[in-house]
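Working notes, beginning with the structure itself.
The values are calculated or read from the model by the stated rules, or taken from the named source; none is laboratory data. What you are looking at is a predicted structure, and each value in this text was computed from that prediction instead of being measured. Neighbour counts run over all protein chains shown; Cβ positions are idealised from the backbone, glycine included.
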Amino acid sequence: MSTLTSEQPAVAYVASTARSRAAGERALARHGTEPVAAAADADAAVEAVAAGADCVVVEQTDDPPGTDALGALAAVRRADPAVPVVVFERERAASIAADAIDFDVTEYVRESDAADESALAAVAEAAERAADSYRAEQEVAMVNDLARTVYERVTDGFLALDDDWTVTYLNAAAEDILGVDREDVLGERLWAAFPEATDYAFHREYHRAMTTQEPVAFRERFPPLDETFEVRVFPADDGLSVHFRTITEGESPARGDDPLLELANVVSADLSASLDRVRSDLVAVEEHCGCESDALADALASVDRMTDLVARAEALAAGRPADWTNE
């Protein structure tokens with residue numbers, strides 16, 4: 001559970017002595033993080049994660065009473081596999097680097113590589129990077145969940161394809177209309193999942209949208225399902241968004257109050273503002289971190305992709321593609 005409502009990332013510092021915990025908290029504060037807890041052992045580290053820590057720093061030391069850093073790392077991983085953990089190996093402590101890798105440690109910092117204050121600064125910087133990336137990923141995940149909720153609420157079928165024609169998402173309506181289980185389709189190439197579709201306008205029009213990067217709208221009778229489909233395809237650099245529904249023969253193209261207008265209204269209300277806030281937060285994190293991060297870049301790209309989907313959904317309701325291909 002991340003503290004996404006806080007402006008600063010929250011980091012828990014785990015050490016066996018009060019002196020070490022205080023030094024760690026001071027180092028974190030100097031680097032702009034907000035210590036959420038000073039923890040003495042694995043149980044306290046897990047409690048800190050439950051309280052909303054965006055990262056956990058664990059000292060590895062053999063000095064009495066000692067800190068079981070590996071035990072704390074393992075406990076945090078059991079509690080929440082996604083929360084980043086930085087291990088700080090104190091000078092003269094036994095190295096646990098190899099074992100820590102097995103528990104997916106985020107970063108491993110050795111005090112012996114620098115003077116004490118410099119080492120603590122390195123730990124704080126590592127924790128800040130890890131916490132910023134984690135918060136960015138959590139924000140994108142939240143918006144992704146909201147987007148899925150939106151698409152599950154509409155009655156039109158919707159599916160998303162990447163630029164290799166792999167099905168990356170389909171909603172419940174698409175399952176019902178196409179008579180499939182999403183588990184059988186997700187991750188499959190569209191033309192392998194629906195081989196009969198290659199003989200109809202779906203194949204040609206989807207390729208046209210992908211090639212021209214222009215939206216297309218068409219109708220096509222699909223005998224394998226004994227249905228006529230009204231389809232709208234919206235391209236992006238990394239794939240297609242496909243909205244579709246079944247219609248009766250001779251039915252006029254959708255206008256006014258229909259499921260796609262419903263989608264646009266829901267999207268506008270629930271997603272647009274959230275996406276703007278998330279993007280602003282990600283940019284602020286990137287500027288605050290002052291570093292190039294693949295995780296942040298991926299998060300921003302994901303938000304931009306969702307923003308594009310929102311814009312296309314809104315445009316779809318406001319002014320649908322006028323040129324229908326009737327097969």
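Scanning the stretch 53-105 for residues that are under 17 Å from Ala42 (Cβ atoms) and β-branched (Val, Ile, Thr) returns Val56, Val57, Val58, Thr61, Thr67, Val76, Val83, Val85, Val86, Val87, Ile96, Val105. Before we move on, is Ala94 at pLDDT below 90 and either in a loop (DSSP other than H, G, I, E, B) or of a type in the set (Phe, Trp, Tyr) (or both)? Considered against the rule, which asks whether it is at pLDDT below 90 and either in a loop (DSSP other than H, G, I, E, B) or of a type in the set (Phe, Trp, Tyr) (or both), Ala94 comes out as yes.
Residues considered: Val123, Val109, Val105. Of these, the only one that is surrounded by 13 or more Cβ atoms within 10 Å (Cβ to Cβ) and assigned to a loop (DSSP other than H, G, I, E, B) is Val105.
Scanning the stretch 188-202 finds no residues that are within 23 Å of Val154 (Cα to Cα) and among the basic types (Lys, Arg).
Within the stretch 140-168, the set of residues being within 22 Å of Asp238 (Cα to Cα) and modelled with pLDDT of 75 or more comprises Gly157, Phe158, Leu159, Ala160, Leu161, Asp162, Asp163, Asp164, Trp165, Thr166, Val167, Thr168.
Does Val83 meet the test of being in a loop (DSSP other than H, G, I, E, B), of a type outside the set (D, E, K, R), more than 14 Å from Ala15 (Cα to Cα) and touching a helix residue (DSSP H, G or I) at 6+ places or on another chain (Cβ under 9 Å)? Yes: the conditions hold for Val83.
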